[in-house]
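Here's the structure we're looking at; comments come further down.
The values are calculated or read from the model by the stated rules, or taken from the named source; none is laboratory data. Just so it is clear, the structure is predicted and the values come from calculations on it, not from any experiment. Ideal geometry is used to build each Cβ from the backbone, glycine not excepted, and the neighbour counts take in all protein chains shown. In case anyone asks, the SASA skips ligands and DNA or RNA and just uses the protein heavy atoms, side chains included. Shrake-Rupley method; radii C 1.70, N 1.55, O 1.52, S 1.80 Å.
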Amino acid sequence: MSKVIIIGGGAAGMFAAVHASDKGHEVHLFEKNEKLGKKLYITGKGRCNITNACDVEELFQAVIGNPKFLYSSFYTYTNQNVIDFFENEGLATKIERGNRVFPVSDHSSDVIRTLSEAMRKRGVQIHLNQKVEKVLQKDGTFDGIVLEDGKTVKGDSCIIATGGLSYPSTGSTGDGYRWAEALGHKVTERSPGLVPLETKEPWVKTLQGLSLRNVNVTVLDGRKKYYEEFGELLFTHFGVSGPTVISASSIVGQMLKKKELTLTIDLKPALSEEQLDKRLLRDFEEQKNKQFKNALGGLFPSKLIPVMVELSGILPEKQVNAISKEERHSLVRLIKNFAMTLTGIRGYNEAIITRGGVSVREIDPGTMESKKVKNLYFAGEVLDLDAVTGGYNLQIAWSTGYMAAQEIR
């Protein structure tokens, strides 16, 4: 039996604690906050998208940063293993659209409670309000940690699961990166990931709060397409957000540091241009004596109408029966290619995850052990691993946390 120190009481840390305890180790978990799972609490808008119930092979397609590194982790501890774990610990789960897995209660607090109870049952010693200042090594082997009050805690092994830089209010302040560098590890460039995007056009602000469902979102650089997704988009005071945009940020976030890109929305993806033109003809025929600005209620949400009228170039007061064929075709093109300019990404305060982190080249993918310091392990978001939305990032946390716990000697 060895003494295992885990730093970080988030998803990866708590999961590693449970499984290290199952292996018979004496486990001590150190968390600088006053409670566990602060970031987990706000995950999935407070509902906690635990994992994704897709085929294991599909998990890799959802990972943006270093998917090959996760081969051992994902196959050793699969998404089904995660679902089984929570069910066996008493948390009922359900599968929603896009194979997203949630607790039946829709409360992330139940996920945290389940993990806390699982640790308590196994005798994990939890140290809250305990900030770790330093991770010690002696002759290339982990030796212990130094707490903020100067106290040294010795241990046989250590798992660093401190998360990244996103949502700093939850305690994600990059401590793990600092210790990794001090111990000789390379930490790759970090940036906010799964984050809303900023736009140039002033009219976007007038649409703040408007959510568009069942639209097709595309991001282009000239004619080159970098991203396309069907789903939901939300307008904000600075630009755009919502599931389609958040996922797009993982693909185009780095590019936006260098250049502007174009985002286009197909507002009526179920209709071809020809079908949409017929629909407009029908709508206009029924409202032929109305002014153009008053004839679009059946097509768009009220907040969107003034913007569409302005961008169409058709005079707002023009009678519908006076609109020319060319003007109608121009409106069809606008509806199918509602475009705006992307100028950048938002910061860590609004980022779901951090892109970049401890270089996986210096971590053993089969054990999560450092190649630089013996008996030192890394798990979760602190590593240079990230995926799109849909439960995949938490799957990374569970799988890597499990792997680290299994391999401790």
Unit charges at the beta carbon, dipole of the chain: most positive-side option, Ala12, Gly163, Thr78 | Gly163
Could you name the lysines in cross-link range of Lys3, using Cα to Cα under 16 Å and dropping any fewer than eight places away on the same chain?
-> Lys23, Lys154, Lys374
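Given a 1.4 Å probe and every protein chain left where it sits, what share in percent of the accessible area of the range 117-258 is carbon and sulfur?
Result for the range 117-258: 48 percent of the exposed heavy-atom area is carbon or sulfur.
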Ignoring ligands and nucleic acids, what accessible area does Tyr41 show with a 1.4 Å probe (Å², nearest 10)?
-> 130
Probe 1.4 Å, all protein chains in place: accessible area of Ile314 in Å², nearest 10?
-> 10
Checked against the structure, the computed Cα extents along the principal axes in Å among (i) 109, 46, 39; (ii) 68, 50, 39; (iii) 84, 43, 36 is the one labelled (iii)
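Could you tell me what a quarter of the Cα convex hull surface of the range 51-190 works out to, in nm² with one decimal place?
In nm², the orientation-averaged hull projection of the range 51-190 is 10.8.
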Stretch Gln125-Asn214 to full length: gain in nm at 0.36 nm per residue minus the Cα-Cα span?
-> 27.3 nm
Taking a probe of 1.4 Å and leaving out DNA, RNA and ligands, the chain shows per residue an accessible area in Å² of 44
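Among the GluC sites (Glu not before Pro) within the range 146-211, which fall in a DSSP loop and have no more than 13 other Cβ atoms within 10 Å of their own Cβ? Present the calculation step by step, with values, prior to reporting the outcome.
Values: sites: Glu148, Glu181, Glu189, Glu198; in loops: Glu148, Glu189.
Sparse-neighbourhood loop GluC sites (Glu not before Pro): Glu148, Glu189.
Order the following by accessible area, largest value first: His185, His107. Probe radius 1.4 Å; ligands, DNA and RNA are ignored.
On the way: His185 10, His107 100 Å².
Result, largest first: His107, His185.
Only Cα pairs under 8 Å and at least 6 apart count here; give the relative contact order of the chain as a rounded whole percent. Could the numbers behind the result be given before it?
Working: 919 pairs, mean separation 101.2, N = 409.
This gives 25 percent for the chain.
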When we measure straight from the Cα of Lys268, which lysines land under 26 angstrom away, once same-chain ones fewer than 8 places off are left out?
-> Lys200, Lys205, Lys224, Lys225, Lys278, Lys288, Lys290, Lys293, Lys303, Lys318, Lys325, Lys336
Which of the listed residues, Val63, Ser21, Leu36, is farthest toward the dipole's positive end in the range 12-75, when Lys, Arg count +1 and Asp, Glu count -1 at the beta-carbon?
-> Leu36
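What length, rounded to one decimal in nm, is gained on full extension from Asp84 through to Met255, with 0.36 nm per residue of separation minus their alpha-carbon distance?
Working: separation 171, 0.36 × 171 = 61.56 nm, distance 3.92 nm.
Contour length minus the Cα-Cα distance gives 57.6 nm.
Considering only protein heavy atoms and a 1.4 Å probe, what is the carbon-and-sulfur percentage of the accessible area of the range 324-376?
On the way: 970 of 2180 Å².
Whole-percent figure for carbon plus sulfur exposure: 45.
Please give the charge dipole size of the chain, origin at the Cα centre, charges +1 on K and R Cβ atoms and -1 on D and E Cβ atoms. Round to the nearest 20 debye. Mind dumping the intermediate values first?
Numbers: 53 positive and 49 negative charges, 133 e Å.
Computed about the Cα centre, the dipole is about 640 debye.
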